[in-house]
Amino acid sequence: MESSQKLKKSYDHVIIGYNFASLMFARELAIKNQSFCLLDAQHIGNTAFKMIPSLDKKVFTRLPMNSLIDESKLSPLVGLWGEMSAASGPPLIFDKGQFKSFMGFGDHKVDSMDAVSYFCQVQYARFHRTPEEAWSSAEALVQEHLFLDQEITDISYHTGKVENVTLNGKTIVSGESFHFFDRLPFLFEKIGPEVKKLASQMGKLKWFSSVSLIIHHLNPPATFETDQLYLLKGAKEQACLGVFSRFGDEVISRWESYLPAELTVDPETTGMTLREIKKQVRRAFYQENTDSSDPEHIMIQNQVFADMEKADLKTGKVNNFNNLFVYTALSGREFGWAHDGYLGFHAAQVFVSSEKKDAESLIDVAAPSAPC
């Protein structure tokens, strides 16, 4: 889904990155008839959703999990997502031929330990609607403002104000305000001279990308639990997380493993990661009877995790710039598509509210949570 219109030269709001947070942010702007464009460097097939031909359906490509949160935070969005309920139970691991509750990594070293640990909770939040349903109900409102395959190649600024961004090396788009939901390393590389301390901290962060595998199980495993998080520990300091889901009578599983971002550009390393994911799924659910005809869909998603607590980044307005805003759920300890949507919705209230607000208050409004 993408706009059939052409990009204009100028907007009130220029939004970079297409995900649940930016979608909900854009949705609020659309409802208030504000001028904006929503840009993403990738084609929709490489972002939050992927079309699964054998299902004839677009499927959320990340793990459909949410950490447990205060329901009152999400009350404005219950109409979109449905009621929330709590679910308990740690991840399950496969060890010595049987599934067991995850009790910790022990001596098993995992390179992406921080990213994996985000999911190793004992309580989760579940919603009546799936992320697919939540996404589609909002996407139609922003379609005419959405422009894909728009790689940001330059950012121009002057005296504390971003003036424009250059797309694909040729198209220049200016705006009154710029909202980054993506491409944070690139952003701070470009504005580094103006925010030296923060840019230095951002430059030292270790970013992880994810290698994801979606399997449409034409012949589902004999034993599995839907909506249960599985943590399969393989070789080479890897671990993969997975969830089984049902779409009517059809069963899919979504698996995700993390690699240092610089390694996902190497096809050989990425291939090794995928082979390890498949090996662990076969070992846990099929043993030697895997049906290799099950459709598989591979996703590589760049720079999806970094430990933001190592940088003085507040979700909201960037110091030294009066029209530049950064939003990332990585600044808190909550995770999941619902948290991202909550972040975008509340951030937008600063710009769509009938009450005049100081943009500085965006830091408090948009922050997803206090770190715990």
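The values are calculated or read from the model by the stated rules, or taken from the named source; none is laboratory data. What you see is a predicted model; the values in this text were computed from it and never measured. Backbone-built Cβ (ideal geometry, glycine too); neighbour counts: all protein chains shown. Side chains included, ligands, DNA and RNA excluded: accessible areas come from the protein's heavy atoms. Shrake-Rupley method; radii C 1.70, N 1.55, O 1.52, S 1.80 Å.
Figures for the structure shown
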{"read-out": "Residue match in the range 120-139 (condition: in contact (Cβ under 8 Å) with a residue 40 or more places away in the chain and closer than 30 Å to K170 by Cβ)", "value": "yes"}
{"read-out": "Selection count where residues are touching a strand residue (DSSP E or B) at 6+ places or on another chain (Cβ under 8 Å), in contact (Cβ under 8 Å) with a residue 40 or more places away in the chain and not in a strand (DSSP E or B), scope the range 149-169", "value": "2"}
{"read-out": "Among the candidates S112, S67, residue that is under 28 Å from T223 (Cβ atoms), at pLDDT below 85 and surrounded by 16 or more Cβ atoms within 10 Å (Cβ to Cβ)", "value": "S112"}
{"read-out": "Any hit, the range 67-89, residues being out of contact with any Phe, Trp or Tyr (no Cβ under 6 Å at 6 or more places or on another chain), free of Cβ contacts under 8 Å to residues at least 24 places away in the same chain and not in a helix (DSSP H, G or I)", "value": "yes"}
{"read-out": "Of all residues making up the range 172-208, the number that are open to solvent by less than 40 Å² (accessible area, probe 1.4 Å), within 15 Å of F325 (Cβ to Cβ) and not in a strand (DSSP E or B)", "value": "7"}
{"read-out": "The range 21-35: number of residues that are buried (at least 16 other Cβ atoms within 10 Å of the Cβ) and more than 14 Å from the chain's Cα centre (by Cα)", "value": "7"}
{"read-out": "Residue list for the range 79-102, restricted to those being of a type outside the set (D, E), over 22 Å from F244 (Cβ atoms) and open to solvent by 30 Å² or more (accessible area, probe 1.4 Å)", "value": "G79"}
{"read-out": "Selection count, the range 6-15, where residues are outside any loop (DSSP other than H, G, I, E, B) and either open to solvent by 10 Å² or more (accessible area, probe 1.4 Å) or free of Cβ contacts under 8 Å to residues at least 40 places away in the same chain (or both)", "value": "4"}
{"read-out": "Leading residue by the ranking (least open to solvent (accessible area, probe 1.4 Å)) among those in the range 149-171 that are of a type outside the set (S, T, N, Q) and over 22 Å from L29 (Cβ atoms)", "value": "G160"}
{"read-out": "Positions within the range 90-116 being assigned to a strand (DSSP E or B) and either touching an Asp or Glu at 6+ places or on another chain (Cβ under 7 Å) or basic (K, R) (or both), in sequence order", "value": "K100"}
{"read-out": "Among the candidates T273, T269, T264, residue that is out of contact with any His (no Cβ under 8 Å at 6 or more places or on another chain), among the polar types (S, T, N, Q) and free of Cβ contacts under 8 Å to residues at least 12 places away in the same chain", "value": "T269"}
{"read-out": "The range 117-148, residues that are small (G, A, S) and either surrounded by 18 or more Cβ atoms within 10 Å (Cβ to Cβ) or assigned to a loop (DSSP other than H, G, I, E, B) (or both)", "value": "A125, A134, A138"}
{"read-out": "The range 235-269 - residue that is open to solvent by 60 Å² or more (accessible area, probe 1.4 Å) and basic (K, R) and, of those, modelled with the lowest pLDDT", "value": "K236"}
